[in-house]
Amino acid sequence: MSELPLRYAHGNILFGPSGGQAALFRLETVSYPFLPRAEKERWFERLAHWLYSCESDISLWRVQRAYPAERYLADTAPLLDERHADRSRWNAYVARHAEAVRATRAFVPAVYVAVALRTDRSGPGRSLLVSADRARRRLERAFGTAGKRPVLASELRELVAAEERAYARLAGLLPAQRATTRELQWLLSRAAVRGVVEPRLDAAWQPNALLTESEEGELTYEPLATDVVRLAGAAILEEERTLLVDGEVARSYQALLTLGALPAEVAFPGPRAELLSAPLEALDFPVDAVFHARWVGNRQALARVRRRVVDSDNVYADELESSQGPSWAADDARGLARELNAYLEAEARPPLLHATLSLAVGAPTRVELERRVERLRAAYGTVALHRPHGLQPALFLDHLPRADGGGVWEYGDYLTVEQAAALMPLATHQVGTRTGVYLGTSGQGSRRPVLFDVAAASREGRPPSILLAGTLGSGKTIAAELLAVQAALRGALVVDVDPKPDHNLEGVPALEGLVEVIELSGEERFRGMLDPLRIGPPSLREDLASSVLMELLPQAPPAWETQVRKAVRDAIRAGSHSSFAVLELLAAGTHPDAREAGEALAVWADSGLARLAFATGPADAARPTRPVTSIKASALTLPSPGTPRADYTQAERLAVAVLTLVAAYALRLVSGDRSRLKLLLFDEAWFLLASSEGRRLLDRLNRLGRAENATLVLATQQLGDVGEIENLIGTRLIFGQETTAEAERALALLGLDPSDRDLVQRLRSYRRGRCLMRDLDDRIAEVQIDPADPELLAALDTTPGQRLTAEALS
């Protein structure tokens, strides 16, 4: 193999063998596919602005890192609350997740950019000397007489200052960090095992140099090249445009491909323009890309383009005089040259980038390599991918960290900064929390694990509500129950409000003995269990009691509501914890409306489910004794989602009133120990979202949730007024929608364009756990929910007949 393109590194400053220096930075990737168009255009503008202003040659690598599945068990260990959880149950649960994470064989992109450094020694007056020095060194290398110049301490100080300037310019526009020595080691080591395994890293590795003194007495650094060679110096054999690379831990078959001519005009945003992300994200195997670009200032670029204009005119004139006339290619080249000339003569005086783009794909066998190459070509569509014979080793070196801007330029072309920015190398898909429990996978090519921590919002002071919205059979209920199971196993206190009822937390094997089921009914033994004056938070008690009591009195005169609210206020002031006190105050009132309202409510106080709201027993009912409480209310007659409140039947009004009280009761159950995580799951949560009282209670739950370390999970078929609940919801998971109107509302809640017909139809097609997830950082990605355990899925599945079948099979 030829000489390695890297000689030494000081921190993130790279030194090439021929004297070039560059600073290496890591760029953060962006969850891109579901960004609104305006946001995509802002990222394009940032990239273009930096390419315009950097005034340096650059190299950009987009490389694929294997997803760190081996870290899953260690990363989930701190989530466990040892005081309230069974470690053996938790370990058994996450062990299945670890298997699922490993089975994805996922990879994630990492983006690095090297910026050539300009020091005070490289000003305009030295340009000719620098060019002559480079030419001399090329001749010395050709004849084998080149020597390695030591690095002067004064030169290193100037490079450090230049690196700071380059970093400030880059970080001012793009999310960037200085690359570490460990990252450099990984970039060097991984090339030999690309597409097969991750390299082994040496925790003690760093590039070293001998400290000496020059003849003038200045401190100098003599780099030890073996530090780099032992990482990247694998044995390489080229066979029929294929590299057989024998690394220390594996053999890799690799193919290096260069991109041919890029489309002259493509729409941005769009996959035909985003060639450094869109095709690569669509593949289920890793492909690395490198983009080398020499920054050409406007004056120099204009001179070159004007020569191209003259040349294209001459070709066109020659063909015009031929018998066949001018070809389409000659006419097109003439027009493009003039367009580029007009672009460079614009008032902004933009530069050009002399650029080359190549791809590297590896595989464990030659057959698999050829399969991957064909799929890669298909992903790039009409953009030709060349696999040049004889240049494979040189292209392999181009994919290593280097400071000289690349060595293979046979396929180079001139790009505008806008064309280069449109390649969008930062784009990927990512969603969830940095650490957490496995929830499913995202993406269309590499199915990357999605981790989610239900406690993250409360910990970070964000809205702790999680909304799951979708039609019947879309998978929202299974996903909601899955969050409850995960929270319970890590030691959380869980309250599950199940009004249909069809949840089955008590049937989950992992939760055996942890679930207490409360079947709400109108039986006398449940009297007063949900009395609003007993269970309501002090700040909401008056509103809660007044609204629930009036819910029992359909089409009541306005004067009755006045008298009821007055009696509620007087009962609270008197310290009462029973709604019967309100009835007594109404019956003893002097106003006829008060007595009439009291008589009507007295009938309800001894009727069916309404008994739940009128307490006669002790002021403090017993709390459940198990960590998971499932409140089922099979006797409720809920209205269909979306039914106007004015059209509710009396039974439906009673059902909604009871569910509002259940929500308040659930809040009471989880109040207390702030150090313990709590999770409240409300199915059919549209009843909270559809009324002003429900939204006030939801707001209270949110604010208290942050203070009490509580997370709200709201599952609903129906989305109400998006504008009114926008600020109450943190994480949103939108599953399949039945109608176009619902899909449009759901997209608006995600912050996406509801008029996008393709997105609307896509959302309506989602079923069986596929959804769009918007996380706490407003990132959006397509997610497939994965319980990772068939037994758990069978227990949670609410599909009619499905659970019975699973139980029969067992």
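The values are calculated or read from the model by the stated rules, or taken from the named source; none is laboratory data. A quick note: this is a predicted structure, and the numbers were derived from the prediction, not measured. All Cβ positions, glycine included, derive from the backbone under ideal geometry; neighbour counts span all protein chains shown. Note: accessible area is taken over every heavy atom of the protein model, side chains too, but ligands, DNA and RNA are not part of it. Shrake-Rupley method; radii C 1.70, N 1.55, O 1.52, S 1.80 Å.
Hey, any idea what the orientation-averaged projected area of the convex hull of region 179-240's Cα atoms comes to, in nm²? Intermediate values should be presented prior to the final figure.
On the way: hull surface 26.6 nm².
Hull-based average projected area comes out at 6.6 nm².
Over region 529-578, what number does the Rg to Rh ratio reach, with both radii from the alpha-carbon atoms and Rh per Kirkwood? Write down the numbers at each step before the final one.
Values: Rg = 10.6 Å, Rh = 11.0 Å.
Using only Cα positions, Rg/Rh for region 529-578 is 0.96.
Can you pull out the trypsin sites (Lys or Arg not before Pro) in region 149-243 whose DSSP state is coil and whose Cβ has at most 10 other Cβ atoms within 10 Å? Write down the numbers at each step before the final one.
Values: sites: Arg157, Arg165, Arg169, Arg178, Arg182, Arg190, Arg194, Arg200, Arg230, Arg241; in loops: Arg194, Arg200, Arg241.
Filter output for region 149-243: Arg200.
Pull up all non-local amide H partners of Val713: gap of 5 or more, or a different chain, and H-to-H distance under 5 Å with H placed in the peptide plane.
Ile466, Leu680, Leu681, Phe682
Compute for region 536-620: radius of gyration divided by Kirkwood radius, i.e. Rg/Rh, restricted to C-alpha atoms, rounded to two decimals.
0.93
Please report, in debye to the nearest 20, how large the charge dipole of the chain is about its Cα centre when each Lys and Arg carries +1 at its beta carbon and each Asp and Glu carries -1 there.
1080 debye
Which translational diffusion coefficient, to the nearest whole µm²/s, is obtained for region 182-302 from the Stokes-Einstein equation, given a Kirkwood hydrodynamic radius over C-alpha pairs, 37 °C and 0.692 mPa s? Walk me through the numbers on the way to the answer.
Values: Rh = 18.5 Å.
It comes out at roughly 177 µm²/s.
Roughly how many nanometres apart are two label points built 7 Å out from the Cα toward the Cβ at Arg703 and Ala646?
Here the modelled spin labels are 3.2 nm apart.
Taking a ≥ b ≥ c as the square roots of the Cα gyration tensor eigenvalues, with a/c under 1.5 meaning rounded and otherwise prolate when a/b beats b/c, else oblate, which class fits region 1-74?
oblate
Quick one: of the DSSP bridges fully inside the chain, what percent are antiparallel, nearest 5? If you can, show how the numbers build up before the last one.
Numbers: 83 of 114 bridges.
Here the antiparallel bridges make up roughly 75 percent for the chain.
Amide H to amide H under 5 Å from Ala209: which residues, 5+ apart in sequence or cross-chain, H placed 1.01 Å off N in plane?
For Ala209, whose amide H was placed from the backbone, the distant partners under 5 Å are Leu224.
Express in nm, to one decimal, how much length is gained between Glu512 and Leu73 on full extension, taking 0.36 nm for each residue of separation and deducting their alpha carbon distance.
Numbers: separation 439, 0.36 × 439 = 158.04 nm, distance 2.29 nm.
Length difference between fully extended and current span is 155.8 nm.
Could you calculate the FRET efficiency of Thr740 with Leu210 from 1/(1 + (r/R0)^6), where r is the beta carbon distance between them and R0 is 60 Å, rounded to 0.05? Kindly include the intermediate steps, with their values, before the conclusion.
Working: r = 72 Å, r/R0 = 1.19.
The calculated FRET efficiency here is 0.25.
If the viscosity is 1.002 mPa s and the temperature 20 °C, what Stokes-Einstein diffusion coefficient in µm²/s follows for region 220-275 when Rh is the Kirkwood radius over Cα pairs?
On the way: Rh = 15.3 Å.
Approximately 140 µm²/s, per Stokes-Einstein.
Taking only the C-alpha atoms, wrap a convex hull around the chain and report its volume per residue in Å³ as a whole number.
Working: hull volume 181.5 nm³, N = 810.
Normalising the Cα hull of the chain by residue number yields 224 Å³.
Taking the dipole about the Cα centre of the chain, with the C-beta of Lys and Arg at +1 and of Asp and Glu at -1, give me whichever of Val383, Ser675, Ala581 is farthest to the positive side.
So the residue furthest toward the plus end is Ser675.
Using a 1.4 angstrom probe, figure out how much accessible area region 29-127 has per residue, in square angstrom, rounded to the nearest whole. Please report the intermediate quantities before stating the final value.
On the way: 4790 Å² over 99 residues.
Ligands and nucleic acids excluded, the result is 48 Å² per residue.
How big is region 704-785 by the Kirkwood estimate over distinct Cα pairs, in Å? Could you put the intermediate results ahead of the total?
Numbers: mean 1/r = 0.0750 Å⁻¹.
Computed over Cα pairs of region 704-785, the Kirkwood hydrodynamic radius comes out at 13.3 Å.
Of Ala209, Leu231, Pro279, whose Cα points farthest to the positive end of the dipole of the chain (charges on the beta-carbon: +1 Lys, Arg; -1 Asp, Glu; origin at the Cα centre)?
About the Cα centre, the residue reaching furthest to the positive side is Ala209.
Would you calculate, for the chain, the mean residue ellipticity at 222 nm contributed by helices, counting each DSSP H stretch of 4 or more residues as -39,500 (n - 2.57) and dividing by all residues, to the nearest 500?
Details: 28 runs with 315 residues, N = 810.
After summing the helix terms and dividing by the residues of the chain, the value is -12000 deg cm²/dmol.
Over the alpha carbons of region 145-216, what is the largest minus smallest coordinate on each principal axis, giving the biggest first in Å?
Largest to smallest, the principal-axis extents are 50, 38, 27 Å.
Taking only protein heavy atoms into account and a 1.4 Å probe, give the accessible area per residue of region 237-294 in Å². Intermediate values should be presented prior to the final figure.
On the way: 2210 Å² over 58 residues.
Using a 1.4 Å probe on heavy atoms only, each residue of region 237-294 averages 38 Å².
Mind listing the phi-derived Karplus ³J(HN,Hα) values for region 562-574, rounded to whole Hz, using 6.51, -1.76 and 1.60 with θ = phi - 60°, and x for any glycine or proline?
Result, rounded to whole Hz: 4, 5, 5, 5, 5, 5, 4, 4, 5, 5, 5, 4, 7.
Taking +1 at the Cβ of each Lys and Arg and -1 at the Cβ of each Asp and Glu, which of Ser31, Thr119, Gln563 sits farthest along the dipole of the chain towards its positive end, judged by Cα position relative to the Cα centre?
Positive-end residue among those listed: Thr119.
Counting residues in region 387-446 as N, plug N into 2.2 N^0.38 Å and put the Cα Rg over that result.
On the way: Rg = 18.0 Å, N = 60, 2.2 N^0.38 = 10.4 Å.
Rounded to two decimals, the normalised Rg is 1.73.
Using the crude model of +1 on Lys and Arg Cβ and -1 on Asp and Glu Cβ, and no other charge, please compute the dipole size for region 756-798 relative to its Cα centre, in debye to 20.
Details: 8 positive and 10 negative charges, 73 e Å.
Dipole of region 756-798, to the nearest 20 debye: 340 debye.
State the percentage of accessible surface on the chain attributable to carbon and sulfur atoms; use a 1.4 Å probe and exclude ligands, DNA and RNA. Could the numbers behind the result be given before it?
On the way: 17690 of 34730 Å².
Reported share for carbon and sulfur atoms: 51 percent.
Under a point spin-label approximation (7 Å from Cα along Cα-to-Cβ), what is the Glu339-Glu370 distance to one decimal in nm?
Roughly 3.9 nm, to one decimal.
Kirkwood Rh over Cα pairs of region 478-632 into Stokes-Einstein at 25 °C, 0.890 mPa s: D in µm²/s?
Details: Rh = 17.1 Å.
Diffusion coefficient, whole number: 143 µm²/s.
Using only the alpha carbons, work out the radius of gyration and Dmax of region 347-403 in angstrom.
For region 347-403, the Cα radius of gyration and maximum Cα-Cα distance read 15.3, 54 Å.
How far is helix 740-750 tilted, in degrees, relative to the longest principal axis of the Cα atoms in the chain, given as a value from 0 to 90 rounded to the nearest 10?
So the helix axis and the longest Cα principal axis differ by about 70 degrees.
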